[in-house]
Amino acid sequence: MEQRRCESAIRTDMAIELRELDASADGVEESEERLGDVVVTRIKLLTDEAAGRYGKNKGSYITLDAEGIAARPLDLFDEVAARVAEEIQRLAGMELSRAVVLVVGLGNREVTPDSLGPRVVERIYVTRHIRQLLPDALDADVSSVCAIAPGVLGVTGIETVELVRGAVEHVRPDLVIAIDALAARRATRIGASVQLTDAGISPGSGVGNRRASISEQELNCKVLAIGVPLVVYAATVVRDALGLMAKDAGMPDGDLEGVSIAEEMGDMIMTPKDIDTMVDDMAGILARGINAAIFAEEYEAVRQLTT
């Protein structure tokens, strides 16, 4: 079956890339539009069959592609942050003013390609403690926001979803926003794309260490997941390179079927040499987008109070 071949040779967390590999699946809605310098692709998996074919949960998957972001233009940073805010508000399906929001930064702060979530959490404007201790300091319409970076199983010895579930049971949020690093199929998407979904996320999926999912089904509250591809599997890069060589030589792609790339390369992953800068840039962009989505017109007032 084609999907099995794709799963063994090409690994990606991006719904848009899975769709590129297999565009024939039924039960999928797809649209694309360019908004300024950002290409927005919306994919909705409507049926269990479609979700199973792509190895995803049913739901909406939105990809923001900003190819020029590698040059670090500040105006594009602002534009991507604004698009992130818009999509969060659209996916949330609720009025975020006065909402209780829990932001969860997944990943390991000590491993650069896996540190996106904790770095975003450091820049979130948390207000829950202010609402409790200084209720008159904030307008009544300002959301109550808290944030955690629960770490990873190998450090804490506790499944991430268990820690998040404990926080949810105590805080009782209306919305959980989880941020994590992802794996991409195409190296050009590293640090240049953002995926947002209402279908949950499995911590560690970007490095092939999938854990129990953080989803609405697990937590009994609305969950949005935001990810940025920051790694690519070496086997995928090699396979794409061989495909280009075969194309240049006039060979059919089928000639590559006998090459055991995944077995030879194992689970080796690759990141760019400037991954530190990429992660820091994307953490700033996502934090701005999340803060803007939650606080809207009160953004500046909250920023001045919390920073």
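The values are calculated or read from the model by the stated rules, or taken from the named source; none is laboratory data. All values derive from a computational prediction rather than experimental measurement. As a convention, Cβ positions derive from the backbone with ideal geometry for all residues, glycine included, and neighbour counts pool all protein chains shown. The area values use the complete protein model at the heavy-atom level, side chains included, leaving out ligands, DNA and RNA. Shrake-Rupley method; radii C 1.70, N 1.55, O 1.52, S 1.80 Å.
In the list Leu102, Leu91, Leu45, which residue meets the criterion of being touching a Gly at 6+ places or on another chain (Cβ under 7 Å), at pLDDT 95 or above and of a type outside the set (Val, Ile, Thr)?
None of the other options fit; the residue is Leu45.
Kindly indicate whether Pro229 is within 20 Å of the chain's Cα centre (by Cα), closer than 25 Å to Ile285 by Cα and not in a strand (DSSP E or B).
no
Considering segment 130-150 alone, what residues qualify as being open to solvent by less than 30 Å² (accessible area, probe 1.4 Å) and touching a Lys or Arg at 6+ places or on another chain (Cβ under 7 Å)?
Listed by number, the residues that qualify are Leu138, Ser143, Ser144, Val145, Cys146.
Please determine, by comparing only the residues of segment 27-47 that are of a type in the set (S, T, N, Q) and touching a strand residue (DSSP E or B) at 6+ places or on another chain (Cβ under 7 Å), which one is most open to solvent (accessible area, probe 1.4 Å).
Ser31
Out of curiosity, is Thr156 open to solvent by less than 70 Å² (accessible area, probe 1.4 Å), more than 20 Å from Gln304 (Cβ to Cβ), touching a residue at least 60 places away in the same chain (Cβ under 8 Å) and out of contact with any strand residue (DSSP E or B) (no Cβ under 8 Å at 6 or more places or on another chain)?
The answer is no for Thr156.
Scan segment 51-64 and tell me whether some residue there is in a helix (DSSP H, G or I) and at pLDDT below 90.
No, segment 51-64 contains no residue that is in a helix (DSSP H, G or I) and at pLDDT below 90.
So that you can scan it fast, the table gives a plain yes or no per residue for (1) out of contact with any Leu (no Cβ under 9 Å at 6 or more places or on another chain); (2) under 18 Å from Ala15 (Cβ atoms); (3) open to solvent by 20 Å² or more (accessible area, probe 1.4 Å):
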site: Ala66; (1), (2), (3): no, yes, no
site: Ala81; (1), (2), (3): no, no, no
site: Ile88; (1), (2), (3): no, yes, no
site: Gly93; (1), (2), (3): yes, no, yes
site: Leu96; (1), (2), (3): no, no, no
site: Pro118; (1), (2), (3): no, no, no
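Per-residue answers, yes or no, for (1) assigned to a strand (DSSP E or B); (2) free of Cβ contacts under 8 Å to residues at least 12 places away in the same chain; (3) farther than 20 Å from Pro229 by Cα:
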| position | (1), (2), (3) |
| --- | --- |
| Leu18 | no, no, no |
| Ala23 | no, yes, yes |
| Glu29 | yes, no, yes |
| Leu76 | no, no, no |
| Glu95 | no, yes, yes |
| Arg98 | no, no, yes |
| Val101 | yes, no, yes |
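Can you name the residue in segment 98-111 that is crowded, with 18+ Cβ neighbours inside 10 Å and farther than 17 Å from Ala293 by Cβ and is also nearest to the chain's Cα centre (by Cα) among such residues?
Across segment 98-111, the extreme among qualifying residues is Leu106.
Out of the residues in segment 48-63 that are open to solvent by 60 Å² or more (accessible area, probe 1.4 Å) and touching a residue at least 40 places away in the same chain (Cβ under 8 Å), which is nearest to Ile201 (Cα to Cα)?
Result: Asn57.
Among the listed residues Ala178, Ala147, Ala183, identify the single one that is modelled with pLDDT under 95 and in a strand (DSSP E or B).
The match here is Ala183.
Looking only at segment 106-129, count how many residues are closer than 17 Å to Ile214 by Cα and touching a Lys or Arg at 6+ places or on another chain (Cβ under 7 Å).
Within segment 106-129, residues that are closer than 17 Å to Ile214 by Cα and touching a Lys or Arg at 6+ places or on another chain (Cβ under 7 Å) number 1.
Spot the failing condition for Glu169; the list is (1) out of contact with any helix residue (DSSP H, G or I) (no Cβ under 8 Å at 6 or more places or on another chain); (2) surrounded by 18 or more Cβ atoms within 10 Å (Cβ to Cβ); (3) farther than 29 Å from Val237 by Cα, and only one is missed.
(2)
Residues in segment 163-175 that are in a helix (DSSP H, G or I) and touching a residue at least 12 places away in the same chain (Cβ under 8 Å): how many?
Selection size over segment 163-175: 6.
So, of the residues in segment 284-307 that are of a type outside the set (A, V, I, L, M, F, W, C) and under 14 Å from Ser97 (Cα atoms), which turns out to be most open to solvent (accessible area, probe 1.4 Å)?
The extreme case among them is Glu297.
Of the residues Thr197, Thr306, which single one is at pLDDT 80 or above, within 24 Å of Ile177 (Cα to Cα), over 18 Å from the mean Cα position of the chain (by Cα) and of a type in the set (Val, Ile, Thr)?
The match here is Thr306.
Scan segment 291-307 and report the pairs whose first residue is over 14 Å from Ile130 (Cβ atoms) and in a helix (DSSP H, G or I) and whose second residue is modelled with pLDDT of 90 or more and open to solvent by 60 Å² or more (accessible area, probe 1.4 Å), with Cβ atoms within less than 8 Å and a gap of 6+ or a chain change.
Correct list of pairs: Asn291/Arg123; Asn291/Arg303; Ala293/Glu86; Ala293/Gln89.
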